[in-house]
Amino acid sequence: MKAFERFVGRVAPLNRANVDTDQIIPKQFLKSIRRTGFGDNLFDGWRYLDEGDPSKTPNERRINPDFVLNSPRYQGASILLAQDNFGCGSSREHAVWALEEYGFRVVLAPSFADIFFSNCFKNGVLPIVLDKDIVEEMFRFAESEKGLELTVDLAAQRLTLPSGEQVAFEVDGFRKHCLLEGLDDIGVTLKDAGAISDFEIHHRARSPWLFDTMR
Amino acid sequence: MAGRTLYDKLWDAHLVKQRDDGTALIYIDRHLLHEVTSPQAFEGLRLAGRQPWRVDANIATPDHNVPTQKRAEGIAGIMDPISRIQVQTLDDNCEAFGILEFPILDARQGIVHVVGPEQGATLPGMTVVCGDSHTSTHGALAALAHGIGTSEVEHVLATQCLIQRKAKNMRIMTRGRLPEGVTAKDLALAIIGRIGTAGGTGYTLEFAGEAVQALSLEGRMTLCNMSIEAGARAGMVAFDDTTADYVRGRPYAPRGEMFERAEAQWRGLVSDADAIFDAEVVIDASALEPQVSWGTSPEMVAGISGRVPELSAATRPGQREGWEAALRYMGLEPGMAIKDIGVDRIFIGSCTNSRIEDLRAAAAVVRGRRVASSVLQAMVVPGSGPVKRQAEEEGLHEIFLAAGFEWRDPGCSMCLAMNADRLGPGEHCASTSNRNFEGRQGHGGRTHLVSPAMAAAAAVAGHFTDVREMVGSGPGGAA
Ligand code: SF4
């Protein structure tokens with residue numbers, strides 16, 4: 001995973017609550033056995049007018065001019081501004097892969113669905129929970145003629161608006177550390193291999209029927 | 001010290017290490033794998049040169065993209081080449097890493113959440129994970145079970161642990177019993193209608209009270225299955241005789257003396273009487289009627305005698321816009337009666353409702369009746385090979401076939417339409433699955449979530465109707 005550095009990014013507003021992972025990346029694109037190739041189909045059902053399938057390239061598709069991400073002013077956006085319960089529905093990590101590949105590195109929303117939220121951190125995407133009022137205000141800016149650019153500083157846990165106004169945000173210490181350092185969770189956990197083995201010995205003694213079954 | 005909830009007990013029993021930052025390493029007893037969310041995890045293991053920590057904790061079966069017809073051809077019978085590669089990749093990975101798999105032609109293959117409990121691979125007191133959000137299903141066995149993403153699949157394979165933050169406790173307390181003809185599915189939908197799709201976010205749910213205790217284990221699975229639709233990663237039901245009776249004799253369950261030892265421990269898998277829940281929701285189960293979802297979110301539900309809401313009834317911010325968008329997509333008018341919604345296709349299946357008792361309930365309704373001529377297709381997709389064979393032994397398939405239903409092979413099928421089974425644009429489907437999101441069952445398709453009996457009733461009537469007015473009168477009746 002790449003280390004997460006301070007950056008300045010444009011905000012794209014997606015003003016819908018309860019955006020589910022089926023919307024973020026529809027199931028017909030889940031058949032790939034790879035981790036890449038999902039960006040072109042992010043929000044497929046909204047982004048294009050025709051039904052997508054994995055064999056079509058974006059050039060062969062009919063673009064939906066009314067969908068916000070297709071508007072010229074949000075091209076190159078790296079921050080997605082969303083509403084409540086973003087990422088609900090299935091556990092598919094493909095949703096985060098699609099967002100990441102499209103170019104989003106941060107998602108801002110008043111609330112997120114649990115599994116999506118933790119999937120983000122595993123892929124170098126930072127989900128930030130903000131107060132509803134702040135989100136509403138950001139929507140107003142982002143949807144205005146001028147648009148909105150933010151400086152994202154994870155180390156300082158701070159967003160900076162062009163006006164210089166700053167918004168602090170919360171992030172779990174462990175996840176922050178992993179993002180900043182670009183650490184892989186598995187490597188971190190395996191440092192505790194001894195504790196896992198010790199637990200396992202105790203667990204097996206207590207509940208032997210849990211072991212050596214699926215063979 | 002206050003007592004502990006069932007969730008607290010399961011958590012404590014699997015806590016490997018509590019970290020200073022509030023996260024914890026939780027030991028995983030059972031890891032279920034399927035073809036869609038595992039290939040990238042295996043690839044990750046290979047790239048990092050890692051081996052699975054404990055091979056015997058894993059079990060795999062393909063389900064999401066398997067065809068539900070012409071199964072005899074096996075993988076070669078999968079028409080879509082990309083799906084075929086995905087299913088083949090699961091076989092290859094299981095073979096390479098030595099993981100037990102029920103492949104496409106195995107008699108035990110089925111939807112992973114039906115297979116686990118059925119085979120005794122899921123047991124009370126376990127932590128169970130799978131790269132699929134409906135892993136919450138297994139909580140019906142007094143287990144801590146939840147869905148994970150692909151990176152976590154890789155993490156569990158490599159370390160047998162998951163990095164977790166403990167959730168809060170919420171109890172859904174039912175009062176009274178469900179009336180005749182009102183099922184676990186209706187209870188699940190009514191709960192989601194009440195607390196909303198984010199109502200359980202950050203919580204682990206425990207379903208309790210008279211109505212839940214009276215449910216069969218299959219019914220409890222239906223209920224726990226939909227915890228995720230209420231925003232909760234996990235839902236569970238306390239251990240009791242129903243759980244013990246269900247588990248006893250399952251192929252991978254402990255036997256004899258070992259079973260008794262296990263059962264003695266499992267008896268403790270209940271919330272203490274003085275346990276404190278962070279939140280509690282009380283539902284009067286005796287007042288519920290069969291439920292039908294009318295919108296594009298599982299919280300958009302109404303009783304069968306009810307109506308699609310008027311937009312003026314919206315109270316929460318954004319709710320009116322959400323309802324408007326949903327009604328536009330669904331092609332429905334505000335205020336229309338649920339019974340006036342016609343159906344084009346019927347899908348009885350999915351990890352929510354494809355177990356034997358679901359098929360029995362549907363068969364009891366269609367027995368001696370016929371699918372309405374206005375219905376384009378009605379299909380039954382059993383949840384697993386054993387469910388299919390059991391149903392055939394009971395002659396249920398003949399009842400379905402005589403009524404005009406198709407009788408298919410096990411898999412996820414039209415629950416998410418990754419295989420060839422799907423809705424056409426604008427078609428309304430009475431579906432026993434769990435999600436009614438836009439396009440879930442096919443591009444432009446319109447899903448209405450219902451119980452198996454209600455889906456069967458809609459098949460016969462051609463529109464939604466109260467199944468309780470059908471059973472016991474005319475054909476059908478008790479099976
Ligand atoms: S039946 Fe549907 S919900 Fe269940 S695992 Fe399959 S696709 Fe997911």
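Just so you know, all these numbers are worked out from the coordinates, no wet-lab data involved. What you see is a predicted model; the values in this text were computed from it and never measured. Here the Cβ positions follow ideal geometry from the backbone for every residue, glycine too, while neighbour counts run over all protein chains shown.
Side notes on the structure shown:
- Gain upon complete extension [residue A:151, residue A:8; 0.36 nm per residue less C-alpha separation]: 51.1 nm
- Shielding by partners for peptide A:122-133, expressed as the average number of C-beta atoms from other protein chains within 10 Å of each residue's C-beta, is 1.
- Electrostatic tally near residue A:173: other residues with Cβ closer than 13 Å to its Cβ, Lys and Arg +1, Asp and Glu -1, net -1.
- Global size of region B:217-358 as Cα Rg and Dmax, reported in angstrom: 20.3, 62
- Magnitude of the charge dipole for chain B, about its Cα centre and with charges confined to Cβ atoms of Lys, Arg (+1) and Asp, Glu (-1), is about 240 debye.
- Residue order, fewest to most beta carbons within 10 Å, for A:5, A:200: A:5, A:200
- The orientation-averaged projection of the convex hull spanning the C-alpha atoms of region A:129-208 amounts to 8.5 square nanometres.
- Among B:282-288, A:66-72, sorting by the average number of other beta carbon atoms lying within 10 angstrom of each residue, highest first, gives B:282-288, A:66-72.
- Counting only Cβ charges, +1 for Lys and Arg and -1 for Asp and Glu, the dipole size of the protein assembly as shown around its Cα centre is about 360 debye.
- Helix-only mean residue ellipticity at 222 nm for chain B, each DSSP H run of n ≥ 4 adding -39500 (n - 2.57), per residue, nearest 500: -9000 deg cm²/dmol
- The convex hull of the Cα atoms of region B:398-464, projected and averaged over all directions, covers 4.6 nm².
- For region B:328-468, the square roots a ≥ b ≥ c of the C-alpha gyration tensor eigenvalues yield an a/c of 1.5 or more together with a/b not exceeding b/c, which makes the shape oblate.
- Cβ neighbours within 10 Å from other chains - mean over A:33-40: 3
- Convex hull of alpha carbon positions in the protein assembly as shown: directionally averaged projected area 28.5 nm².
- Among B:190, B:174, B:148 - extreme Cα towards positive end, dipole of region B:146-195, charges at beta-carbon: B:174
- When the protein assembly as shown is described by a simple charge dipole with +1 on each Lys and Arg Cβ and -1 on each Asp and Glu Cβ, the residue from B:232, A:134, B:281 located farthest towards its positive end is B:232.
- Rg to Rh, two decimals, where region B:158-279 supplies the alpha carbon set and Rh follows Kirkwood: 0.99
- Averaged over the residues of peptide B:285-298, the number of Cβ atoms from other protein chains lying within 10 Å of each residue's Cβ is 1.
- Packing-based exposure ordering (other Cβ within 10 Å, fewest first) of B:28, B:356: B:356, B:28
- Cβ-based exposure ranking for B:27, A:48, B:329, in which fewest neighbours within 10 Å come first: B:329, A:48, B:27
- Centre-to-centre, using Cα atoms only, region A:28-96 and region B:431-463 are separated by 26 Å.
- Each Cα pair under 8 Å and six or more residues apart adds its separation to the average, and for chain B the resulting relative contact order is 17 percent.
- Top positive-direction residue, dipole computed over the protein assembly as shown with Cβ charges, set B:326, A:21, B:121: B:121
- Equivalent ellipsoid, region B:292-362 (semi-axes from 5 times Cα gyration tensor eigenvalues, Å): 27, 13, 11
- Rounded if a/c under 1.5, otherwise prolate or oblate - chain A, Cα gyration tensor axes: oblate
- For residue A:31, a cut-off of 25 angstrom between C-alpha atoms picks up these lysines, skipping any fewer than 8 places away in its own chain: A:56, A:122, B:70.
- If you take all other residues with their beta carbon under 12 Å from the beta carbon of residue A:148, and give Lys and Arg +1 and Asp and Glu -1, the sum is -1.
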